[in-house]
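Contents: one structure, followed by commentary.
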Amino acid sequence: MSKQEFVSQANAICADVNNKIESLQQPPQNAQVSELVPLLTQELAIAREAESKLEALTPPSELQNERDKLVANTQKEEALADKLIAAAKANDSSQAQALGQQLDALNKQDNSISSSIGLTECAKDASPQG
């Protein structure tokens, strides 16, 4: 697969993810952390679907390291999101906040990597708009 094909296909996957996340219902303002469980669960399902699609893409050799880093980070984010959902179910706001900060840090790394190789859709931070 050429670099252009990889970038085009990865951006299409990420654009679909962004649209799905933006179509989700926004949480109520000042929501209890436990009220976020349904939204977090939906976002995680979307992320897992995207991760498997991105992992299935065969990048050109010059993008292999970056793609591998993105997939590894996404897998770490999914594990953290599982812990975040558990903390939210327990209404443990301090644990949820700490996990959220770890997720934000990984997301910033992903955005930087994505931007550096032309994955502009993957570098966007989508949030529920519904």
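For the stretch 88-100, does any single residue satisfy the condition of being of a type outside the set (D, E, K, R), in contact with a Phe, Trp or Tyr (Cβ under 8 Å, 6 or more places away or on another chain), without any contact (Cβ under 8 Å) to a residue 60 or more places away in the chain and surrounded by 15 or more Cβ atoms within 10 Å (Cβ to Cβ)? No, there is no match, as no residue in the stretch 88-100 is of a type outside the set (D, E, K, R), in contact with a Phe, Trp or Tyr (Cβ under 8 Å, 6 or more places away or on another chain), without any contact (Cβ under 8 Å) to a residue 60 or more places away in the chain and surrounded by 15 or more Cβ atoms within 10 Å (Cβ to Cβ).
So that you can scan it fast, the table gives a plain yes or no per residue for (1) over 22 Å from LEU54 (Cβ atoms); (2) of a type outside the set (D, E, K, R); (3) modelled with pLDDT under 95; (4) not in a helix (DSSP H, G or I):
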residue	(1), (2), (3), (4)
SER94	yes, yes, no, no
ALA98	yes, yes, no, no
ALA105	no, yes, no, no
LYS108	no, no, no, no
SER112	no, yes, no, no
GLY118	no, yes, no, yes
GLU121	no, no, no, yes
ALA126	no, yes, yes, yes
GLN129	yes, yes, yes, yes
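Evaluate the following for LEU63: is it in contact with a helix residue (DSSP H, G or I) (Cβ under 8 Å, 6 or more places away or on another chain) and buried (at least 19 other Cβ atoms within 10 Å of the Cβ)? Criteria met by LEU63. Say we look at the stretch 50-64 and pick out the residues that are part of a helix (DSSP H, G or I) and touching a residue at least 24 places away in the same chain (Cβ under 8 Å); which of these is farthest from ALA96 (Cα to Cα)? Filtering first and then ranking leaves GLU62.
The values are calculated or read from the model by the stated rules, or taken from the named source; none is laboratory data. Here the structure is a predicted model, which means the values were calculated and not measured. Neighbour counts are summed over all protein chains in view; Cβ atoms, including those assigned to glycine, are modelled from backbone coordinates with ideal geometry.
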